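Here is the structure we will look at.
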Amino acid sequence: MSAIRGLLLRDRLCIGRDGFLVGMLAITPVMAVLGRLIAFWLPLENASLYLAPLVASVSISSLGTLIGFRLIEEREQRTDLLLQVVPMPRELYFSYVVGGTALVSLGLGGIAAFVFGRPIVDLMGFFALMLAGALVSPLKCLAMVVLAENKIEGMAVGKLLDSAGVVPILAFFVPQEAHLLLAWNPQYWLYIGLLRAYATPEEFASVPLDAPLTDAVVCALAAAALCALGIAWLLRIHTRGQR
């Protein structure tokens with residue numbers, strides 16, 4: 001427990017001194033307000049229905065890129081040597097990273113959804129999806145740590161991972177059979193599920209979407225399973241690389 005307290009104190013100090021990270025945390029409600037304004041002015045029927053899942057899913061996953069970049073920076077500056085003097089197994093440390101990143105991401109996603117203000121029809125499905133979506137951030141974070149050797153590569157990998165957020169948009173333009181090509185992406189399941197959680201049956205029936213699975217809880221389980229498998233795989237790769 002003393003090791004965990006030490007890491008919490010370190011992270012609190014580091015985040016407090018990192019103006020960029022603090023700004024990114026604070027910008028979440030601002031992005032939700034902008035999304036709400038865009039939904040109001042966009043000449044599209046049910047614009048807020050289409051934007052609400054995007055605001056929630058992007059907000060809940062954006063922290064992963066920042067934390068991943070910070071871990072890469074620590075590795076370059078050798079400030080990660082703390083692990084060598086703290087009696088904490090590396091597996092426990094990364095469990096702390098995964099859990100902490102997911103918890104903060106869940107809070108950011110909840111704030112964004114609240115500020116955006118779209119009424120939620122399926123509360124159970126919505127909460128299940130938010131819990132599943134919180135795992136996207138640590139997945140992105142670990143992917144950056146494993147795939148990038150330095151900050152330059154980290155920026156490139158981060159942009160590539162962020163671009164995966166546009167995959168759900170393709171769901172509106174492909175037939176049902178082609179959705180299997182999108183199903184590898186947890187954010188696809190998050191968007192489809194959140195769309196269902198936000199929409200009444202009548203509204204959802206009018207959505208031009210031909211997805212094979214649209215139940216919110218099922219989508220949450222699919223997203224959570226993909227994230228969990230990805231996190232376990234990346235942790236295994238990282239642990240092997242440290243030996």
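The values are calculated or read from the model by the stated rules, or taken from the named source; none is laboratory data. Every value quoted in this text rests on a predicted model; they were computed, and no experiment measured them. Note that each Cβ is placed from the backbone with ideal geometry, even for glycine, and that neighbours are counted across all protein chains shown. Note: areas computed on protein heavy atoms with side chains; ligands, DNA, RNA excluded. Shrake-Rupley method; radii C 1.70, N 1.55, O 1.52, S 1.80 Å.
Computed 3J(HN,Hα) for the range 108-125, one whole-Hz value per residue from the Karplus formula 6.51 cos²θ - 1.76 cosθ + 1.60 where θ = phi - 60°, is 5, x, x, 4, 4, 5, 5, 5, 4, x, 6, x, 9, 8, 9, 5, 4, x, glycine and proline marked x. In the assembled protein chains, Arg36 presents an accessible area of approximately 130 Å² (probe radius 1.4 Å).
Rounded to 0.05, the FRET efficiency of the Leu44 and Asp210 pair, given R0 = 22 Å and the Cβ-Cβ distance, is 0.70. Computed with a 1.4 Å probe on the full set of protein chains, the accessible area for Val166 sits at about 80 Å². Legend: calculated FRET efficiency, Leu103 to Glu177, from the Cβ-Cβ distance at R0 = 41 Å, rounded to 0.05, equals 0.60. Please compute the net charge surrounding Val121, taking Lys and Arg as +1 and Asp and Glu as -1 over other residues with Cβ under 12 Å from its Cβ. Within the 12 Å Cβ shell, the charges total -1. Annotation: per residue accessible area for the range 106-243 equals 50 Å², rounded to a whole number [probe 1.4 Å, protein chains only]. When all protein chains stay in place and ligands, DNA and RNA are ignored, the 1.4 Å accessible-area order of Thr214, Thr101, largest first, is Thr214, Thr101.
Legend: calculated FRET efficiency, Trp184 to Val33, from the Cβ-Cβ distance at R0 = 30 Å, rounded to 0.05, equals 0.40.
Across His238, His179, the residue with the most accessible area heads the list, and the full order at a 1.4 Å probe is His238, His179.
Each distinct pair of alpha carbons in the range 108-243 adds a 1/r term; the inverse of their mean, the Kirkwood radius, is 16.0 Å. Heavy atoms only, probe 1.4 Å: what % of the accessible area of the range 117-243 goes to carbon and sulfur, would you let me know? Within the range 117-243, the accessible surface is 70 percent carbon and sulfur.
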